[in-house]
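Chemist: Before we start, here is the structure in question, set down as structure tokens.
The values are calculated or read from the model by the stated rules, or taken from the named source; none is laboratory data. None of the values given here were measured: they were computed from a predicted structure. Here Cβ is always computed from backbone atoms with ideal geometry, including for glycine, and neighbour counts include all displayed protein chains.
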Amino acid sequence: MCGIAGLIARHPGPQDQLLDQAQQMASAITYRGPDSGGAWADSTGQVALGHRRLAIVDLSPQGAQPMHSACGRYTLIYNGEIYNHAELRKELAPHDWRGHSDTETMLAGFSRWGVGSTLGRLVGMFAIAVWDHEHRQLILARDRMGEKPLYYGQLPCGDFVFGSELKALRAHPRWQAEIDRNALALYMRHNAVPAPHSIYRGIFKLMPGHWLTLKPGEVPQPQAYWSLEAVAKAGREQPSRLSDAEATDRLESLLKQVIGSQMVADVPLGAFLSGGIDSSTITALMQAQSTRPVRTFSIGFDADGYDEAVHAKAVAAHLGTDHTELYVSPADALAVIPRLPTLYDEPFADSSQIPTFLVSQMARRHVTVALSGDAGDELFAGYNRYLLADRVWHKLSRIPVPLRQAAAALALQISPAGWDRVRDVAAMAKPSLRNHAAFGDKIHKFAGSVLPSRSIDEMYRALVSHWQRPSELVLGSVEASSQLDSHSLLERDASPIEQMCLLDQLTYLPDDILAKVDRAAMACSLETRVPFLDHRVVEFAWQLPMSMKLRDGQGKWLLRQVLYRHVPRELIDRPKQGFSVPLDQWLRGPLRDWAEYLLAPERLRSQGLLNVVQVRAKWQEHVDGRRNWQHLLWDVLMLQAWIDAAELGSAA
């Protein structure tokens with residue numbers, strides 16, 4: 001795991017000067033690779049590559065980057081891990097290997113098969129930059145599902161720049177920044193800036209599964225080398241005909257193979273464990289292949305409805321892992337918040353970024369690599385919105401929209417705390433209701449997003465949106481287009497749940513979940529690996545009929561069957577909580593003064609970015625307890641904190 005950066009200068013200059021620029025850009029992300037660094041510039045003084053290294057496999061100098069191919073044609077820097085590089089070496093034999101790094105394996109593949117063909121053979125996560133000396137062109141590539149980030153763009157001075165994070169680009173000596181208000185509106189909808197956009201005009205994220213080729217003076221045109229949409233379509237056209245037992249065996253075998261390959265490292269390795277289906281499955285299959293207790297890490301909160309650490313501890317005890325847990329207080333969160341804007345480099349407002357950073361920080365004290373259970377919900381239909389589409393929407397759609405809108409208005413008249421009291425009274429007759437955490441917030445979300453919707457597409461868009469009309473919030477903006485606006489993802493006869501799963505895999509997963517984990521972990525110099533995102537697992541999941549994902553009112557049915565072979569049901573079966581924090585309480589309590597400062601009317605007016613009336617109305621309703629606007633407010637607060645950290649207030 002590493003950090004990469006580089007540039008193609010519009011006007012060639014002294015080689016030493018270009019080398020210094022690449023080194024400065026890479027040094028801005030030293031925490032991504034604290035073990036060592038390197039840079040290279042070509043003799044024409046036009047192209048330079050910089051690298052920071054976190055050594056995981058082949059800790060010797062033979063694994064250092066930038067690395068040159070044996071044939072002399074390619075120079076490579078990359079961030080990630082190639083899990084099948086040992087198998088690729090067998091295909092590439094005979095070859096005179098200098099070391100045993102996956103970097104050298106890729107270079108040999110480029111020389112033998114070409115870059116495009118090699119990309120299709122790689123199993124892993126990566127962001128790649130390779131200079132082709134023969135054709136004098138730069139090639140950038142990103143892994144299939146978007147685990148590793150890669151930004152690129154052309155500066156006003158004409159230099160083309162790229163890097164793992166925006167701060168590497170900002171380290172360019174002629175960097176100029178301009179906030180893209182249209183992308184900012186998109187951020188306010190989704191709490192993250194979706195690819196291919198970034199918060200800066202003219203700077204882009206390379207899409208997952210894409211690569212681009214750039215010659216000096218040309219405009220890059222990204223193209224796909226692997227398509228999730230094509231995988232989804234193929235899976236639907238040729239679905240699995242395995243029985244329940246056969247499918248369970250196949251999934252377990254596949255996951256064991258993938259996890260086994262991801263447990264290879266020359267440094268200490270562990271796993272994040274929340275006690276939920278996904279992380280428990282990963283941990284169980286790790287422990288089944290380990291000769292000693294796997295190191296596991298979890299985090300909890302001293303707040304009702306937010307503590308999953310107790311469940312993680314029970315699973316760890318059953319599996320026999322070497323478990324470490326940390327309970328987080330509001331003071332711990334306060335200490336992290338000032339770091340968030342610099343961690344994420346552009347506005348990012350998934351509040352679970354706080355526990356994600358804290359658990360990464362704790363894990364790094366013991367291990368250098370941690371496996372994660374991310375992507376189980378998207379691949380195996382685990383989100384509550386899938387259940388809504390499966391069990392509720394077809395009944396709701398029979399009720400006239402005006403009646404549903406009236407019911408929604410009535411439900412919203414009662415505060416979330418009021419609905420929680422209703423739950424507590426009802427729980428006297430039905431005790432299981434007490435297990436439903438954040439009951440009032442869920443009622444409000446249902447009333448505000450589901451009940452008024454005229455179609456299932458409208459319902460989905462409302463459920464995945466924070467600010468429902470962000471162009472009215474962000475002054476002078478027209479919301480940028482995103483993949484949610486596409487109408488050609490699957491055939492028209494695809495089920496709504498399949499559409500939701502695909503859109504979540506294309507957008508929410510890489511833009512939010514994977515970005516959150518990558519930035520939080522790499523800020524601690526911790527490599528994370530996501531077994532569910534091996535493309536073979538993704539392809540298998542799309543071959544499964546929906547009945548193997550959603551069954552008997554539960555999501556992730558098949559994944560549960562695998563886990564039940566290793567962990568008793570009673571340790572697993574409970575209402576879904578998610579990796580959340582008591583943000584609503586903190587904003588009314590220990591974070592209130594901080595929020596008041598960032599949301600001060602005079603501050604908002606002077607920036608000229610946001611509709612002050614809308615922001616202040618949401619803040620007042622939240623403070624008064626009439627509504628829980630924690631997510632919408634966190635979007636604004638993270639923007640404000642980012643502006644402070646980046647000193648961009650005057651540039652807006």
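Chemist: May I ask you to list the residues in region 405-416 that are among the aliphatic types (A, V, I, L, M), surrounded by 14 or more Cβ atoms within 10 Å (Cβ to Cβ) and part of a helix (DSSP H, G or I)?
Modeler: A407, A408, A411, L412
Chemist: Got a number for residues in region 425-445 being touching a Leu at 6+ places or on another chain (Cβ under 8 Å) and within 26 Å of V623 (Cα to Cα)?
Modeler: Selection size over region 425-445: 3.
Chemist: Being more than 24 Å from the chain's Cα centre (by Cα) and not aliphatic (A, V, I, L, M) is the filter here, so list the residues in region 325-346 that pass it.
Modeler: Hits for region 325-346 are S329, P330.
Chemist: If you scan region 1-15, which residues turn out to be under 30 Å from R529 (Cβ atoms), at pLDDT 90 or above and either assigned to a loop (DSSP other than H, G, I, E, B) or under 24 Å from the mean Cα position of the chain (by Cα) (or both)?
Modeler: G3, I4, A5, G6
Chemist: Counting only residues that are touching a His at 6+ places or on another chain (Cβ under 8 Å) and either part of a strand (DSSP E or B) or under 20 Å from T342 (Cβ atoms) (or both), how many does region 155-167 have?
Modeler: 1
Chemist: Tell me, which helices (runs of 4 or more DSSP H) lie completely within region 576-637 with 1 or more residues that are modelled with pLDDT of 95 or more?
Modeler: Filter on region 576-637 gives 592-598, 601-607, 612-624.
Residue-by-condition table, conditions (1) within 20 Å of I643 (Cβ to Cβ); (2) not in a loop (DSSP other than H, G, I, E, B); (3) not acidic (D, E):
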residue	(1), (2), (3)
L169	yes, yes, yes
H172	no, no, yes
Y187	yes, yes, yes
H197	yes, no, yes
P208	no, no, yes
L212	no, yes, yes
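Chemist: Applying the selection to region 66-85, what residues are more than 10 Å from V130 (Cβ to Cβ) and either in contact (Cβ under 8 Å) with a residue 60 or more places away in the chain or of a type in the set (K, R) (or both)?
Modeler: Selection gives G72, N79, G80, E81, Y83, N84.
Chemist: Whether any residue in region 9-18 is surrounded by fewer than 24 Cβ atoms within 10 Å (Cβ to Cβ) and either at positive phi or touching a strand residue (DSSP E or B) at 6+ places or on another chain (Cβ under 7 Å) (or both) is what I want to check.
Modeler: yes
Chemist: Search region 303-345 for residues being modelled with pLDDT under 90 and in contact with a strand residue (DSSP E or B) (Cβ under 6 Å, 6 or more places away or on another chain), and hand back the single one that is surrounded by the fewest Cβ atoms within 10 Å (Cβ to Cβ).
Modeler: Y327
Chemist: Is it the case that some residue within region 154-177 is surrounded by fewer than 19 Cβ atoms within 10 Å (Cβ to Cβ) and touching a Gly at 6+ places or on another chain (Cβ under 6 Å)?
Modeler: No, because not a single residue in region 154-177 is surrounded by fewer than 19 Cβ atoms within 10 Å (Cβ to Cβ) and touching a Gly at 6+ places or on another chain (Cβ under 6 Å).
Chemist: Among the residues of region 38-51, is any surrounded by fewer than 21 Cβ atoms within 10 Å (Cβ to Cβ), among the hydroxyl-bearing types (S, T, Y) and modelled with pLDDT under 90?
Modeler: Scanning region 38-51 turns up at least one residue that is surrounded by fewer than 21 Cβ atoms within 10 Å (Cβ to Cβ), among the hydroxyl-bearing types (S, T, Y) and modelled with pLDDT under 90.
Chemist: Which one of P268, P216, P196 is in contact with a Phe, Trp or Tyr (Cβ under 7 Å, 6 or more places away or on another chain), in contact (Cβ under 8 Å) with a residue 12 or more places away in the chain, surrounded by fewer than 20 Cβ atoms within 10 Å (Cβ to Cβ) and not basic (K, R)?
Modeler: P196
Chemist: Mind checking which pairs have a first residue in region 123-140 that is within 23 Å of A515 (Cα to Cα) and a second that is in a strand (DSSP E or B) and of a type in the set (D, E), Cβ under 9 Å, 6 or more apart or different chains?
Modeler: G124/E81; M125/E81; F126/E81; I139/D132
Chemist: Which residue pairs have Cβ atoms under 9 Å apart, sit 6 or more places apart or on different chains, and have a first residue in region 432-455 that is outside the structural domain of L632 (by TED's automatic domain parsing) and over 19 Å from H466 (Cα atoms) and a second that is of a type in the set (D, E, K, R) and assigned to a helix (DSSP H, G or I)?
Modeler: Hits for this filter: L433/R423; L433/D424; R434/R423; R434/D424; H436/R423; H436/K442.
Chemist: What residue, of A177, A265, is assigned to a loop (DSSP other than H, G, I, E, B) and either in the same structural domain as R565 (by TED's automatic domain parsing) or in contact with a His (Cβ under 9 Å, 6 or more places away or on another chain) (or both)?
Modeler: Just one listed residue meets the conditions, A265.
Chemist: Hey, does region 519-538 have a residue that's surrounded by 23 or more Cβ atoms within 10 Å (Cβ to Cβ), over 29 Å from T368 (Cα atoms) and not hydroxyl-bearing (S, T, Y)?
Modeler: no
Chemist: If you don't mind, there's one more thing I want to ask. Working carefully through the options I443, I456, I497, find the one that is touching a Pro at 6+ places or on another chain (Cβ under 9 Å), among the hydrophobic types (A, V, I, L, M, F, W, C) and within 16 Å of A389 (Cβ to Cβ).
Modeler: On inspection, the qualifying residue turns out to be I456.
Chemist: For region 371-389, check the following and say yes or no: at least one residue is acidic (D, E), outside any helix (DSSP H, G or I) and touching an Asp or Glu at 6+ places or on another chain (Cβ under 9 Å).
Modeler: yes
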